[in-house]
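To keep things clear, I will list the structure first and then write my remarks on it.
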Amino acid sequence: MKYLCLIYDDEKVLGKMAKAELDAFMGEYFAFTEGIKKSGHYISGEALKPVHTATTVRSRGGKVSTTDGPFAETKEQLGGFYLIDAKDLNDAIQVASKIPSAKTGSVEVRPLEVFS
Amino acid sequence: MSDALVRERIEAIYRSDSRRVLATLIRLLGDFDRAEEALHDAFAAALDAWAREGVPDNPRAWLVSTGRFKAIDRLRRTARFDAVVDALATQVDPFVSPESEARFEEDDEVADDRLRLIFTCCHPALNADARIALTLREVCGLETEEIGKAFLTSATTLAQRIVRAKNKIRDARIPYQVPARHELPDRLATVLHVVYLVFNEGYSASTGDAVTRADLSAEAIRLGRLLVDLLPEPEAIGLLALMLLHDARRQARTSPDGELILLDAQDRALWNRAQIDEGRALVERALSSRQVGPYSLQAAIAAVHAEAPDAASTDWRQIVGLYDVLMRLEPTPVVELNRAVAVAMRDGAAAGLALVDAILDRGDLGDYHLAHSARADLLRRLSRKADAIAAYERALKLATQEPERRFIERRISELRRA
């Protein structure tokens, strides 16, 4: 079953990290990605540019409105994701718990809908 | 065998074994609702077949096997689930012949089914209220109406909670399994917490006009026994001990007219001695494991109370010592408050009051009525009448349970008269 692991982190905290610290954090990510490629869980994964680059689009009655940023002010922002293939939720939780940001922020695990 | 006798046997088997049959059917059929349907089909079929052919040697194996066939039948009739039917029909039915019936009893998979059911119902990915409702419904077999009455929630709300939880189990694919060894401590803690909440709701109903709702406590104790049977981990044993020791005081906790009686004023002749003995033996078993957890420690404290012939001869030194250990494992303000009360008994009310004030001054437990009533009691013992009344009045504002409110009101009027 496919699960999307949505990774939330506090960008301010990441922004304040010293270069060495940030490099170590990224190193953990590379090692993690290698690990889940080897274990067969990995489908894809990407990191996102910071939330100030985001644009929110809505279309209502044929009229498109565009605003900057996400609409909710939250402490943690969506910063990236992994799409994984896991046996079941317990397996997915095991994978998600090892995402480096699970230690600093949080990871939301969502099963993908299957339309048949 | 007469129809009436068969019916009686079946009812007895339903009471004793229906949850075990359900637990196995959920594993075989991979779905809660399908398994429940199959369970009812199997018992309906038994009514007919057993009157004709007699009760089989292993009714449980018969019911599982029949339930499984009935489920495949139902699925075949609604041809939509071809893939599911194929998967089910090619499964080896382990329980069709007399030899395989014997195997049923020894099958490790079958033996673990009830634990699988408990761990699935108490999965941390489910909503906390839903875990309780689902456990009482599926593991204990209570009807939603009964659960609703016990928790003062409408049956509709509860039914919705249960449906949502089952949907999540299916849609997010929560597996039907006993956690692996390395996950066990965390997962068991969630299960024990569900059992403990059920017990507490029964023992000290959070709202309403009765102090206790005995049925829920009895159900929690039954669950606790089942867990100790299936998975004798030290904290499971500790929790069962804790529940038995608290429940042993049930008769003495309320007066005939429903008023609350505190521990120091209880008639200890009313305590259930058999239950205390069982609880004490379990405490010893839990503590001898060298993996002492919070439930075992709280049970040990309850056991020290139970051993004292009267309130005055309670071994407060030992109780404070146990709270010290508990504080290291679980440094919460509530544990700290209980420790302060024990210190007051050991070293005098002034020593206890200093500790309670320190907690409240820090900003903790300000909304907790028991903190204010404990403080009021210490002030009363120090003859600080006006302060005691003020503290009782704060407690009264926060207390929601009728007998507790009446108790506080009585204390206030006693102080005013004195």
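Couple of notes before you dig in:
- Yes/no for residue A:46 being open to solvent by 60 Å² or more (accessible area, probe 1.4 Å), at pLDDT 95 or above and more than 23 Å from residue B:180 (Cβ to Cβ): yes
- Any chance residue A:93 is within 14 Å of another protein chain (Cβ to nearest Cβ) and part of a strand (DSSP E or B): no
- Given (1) without any contact (Cβ under 8 Å) to a residue 60 or more places away in the chain; (2) surrounded by 10 or more Cβ atoms within 10 Å (Cβ to Cβ); (3) away from every other protein chain (no Cβ under 14 Å), index of the condition residue A:11 fails: (1)
- Among the numbered conditions (1) β-branched (Val, Ile, Thr); (2) within 14 Å of chain A (Cβ to nearest Cβ); (3) open to solvent by 80 Å² or more (accessible area, probe 1.4 Å), the only one that residue B:156 does not meet is (2).
- Filter pass, residue A:99 being closer than 29 Å to residue A:34 by Cβ, surrounded by 12 or more Cβ atoms within 10 Å (Cβ to Cβ) and within 14 Å of chain B (Cβ to nearest Cβ): no
- Among the residues making up region B:229-245, those that are open to solvent by 10 Å² or more (accessible area, probe 1.4 Å), in contact (Cβ under 8 Å) with a residue 40 or more places away in the chain and within 19 Å of residue B:113 (Cβ to Cβ) are B:230, B:231, B:233.
Yes/no matrix, rows are residues, columns are (1) at pLDDT 95 or above; (2) surrounded by fewer than 20 Cβ atoms within 10 Å (Cβ to Cβ):
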site: A:71; (1), (2): no, yes
site: A:76; (1), (2): no, yes
site: A:80; (1), (2): yes, yes
site: A:92; (1), (2): yes, no
site: A:95; (1), (2): yes, no
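- Within region B:104-125, tally of residues that are within 14 Å of chain A (Cβ to nearest Cβ) and either open to solvent by 10 Å² or more (accessible area, probe 1.4 Å) or within 16 Å of residue B:202 (Cα to Cα) (or both): 3
- Among residues of region B:171-182 that are facing chain A (nearest Cβ under 7 Å), those with a Cβ under 7 angstrom from a residue that is aliphatic (A, V, I, L, M), sequence gap 6+ or separate chain, pair up as B:172/A:89; B:172/B:125; B:173/A:1; B:173/A:89; B:174/A:89; B:174/B:125; B:175/A:89.
- Residue among B:161, B:187 that alone is on the phi < 0 side of the Ramachandran plot, touching an Asp or Glu at 6+ places or on another chain (Cβ under 7 Å) and either modelled with pLDDT of 95 or more or not aromatic (Phe, Trp, Tyr) (or both): B:161
- Condition met for residue B:41 (of a type outside the set (S, T, N, Q), farther than 16 Å from residue B:73 by Cβ, touching a residue at least 24 places away in the same chain (Cβ under 8 Å) and in a helix (DSSP H, G or I)): no
- Taking region B:246-271 as the range and being open to solvent by 30 Å² or more (accessible area, probe 1.4 Å), touching a Lys or Arg at 6+ places or on another chain (Cβ under 7 Å) and not aliphatic (A, V, I, L, M) as the test, only B:259 passes.
- Among residues of region A:62-90, those that are within 14 Å of chain B (Cβ to nearest Cβ) and over 26 Å from residue A:50 (Cα atoms), counted: 6
- Cross-chain or 6+ apart pairs with Cβ under 9 Å, region B:8-25 first and free of Cβ contacts under 8 Å to residues at least 12 places away in the same chain, then outside any helix (DSSP H, G or I) and open to solvent by 10 Å² or more (accessible area, probe 1.4 Å): B:15/B:141
- Strands (runs of 3 or more DSSP E) (entirely within region A:7-89) containing at least 2 residues that are in contact with a helix residue (DSSP H, G or I) (Cβ under 8 Å, 6 or more places away or on another chain): A:42-47, A:77-85
- Scanning region B:272-288 for residues that are crowded, with 18+ Cβ neighbours inside 10 Å and either hydrophobic (A, V, I, L, M, F, W, C) or in contact with a strand residue (DSSP E or B) (Cβ under 9 Å, 6 or more places away or on another chain) (or both) yields B:276, B:282, B:283, B:286, B:287.
The values are calculated or read from the model by the stated rules, or taken from the named source; none is laboratory data. Note that this is a predicted model, so its numbers are computed, not measured. Here the Cβ is made from the backbone with ideal geometry for all residues, glycine too, and neighbour counts use every protein chain on show. Note: accessible area is taken over every heavy atom of the protein model, side chains too, but ligands, DNA and RNA are not part of it. Shrake-Rupley method; radii C 1.70, N 1.55, O 1.52, S 1.80 Å.
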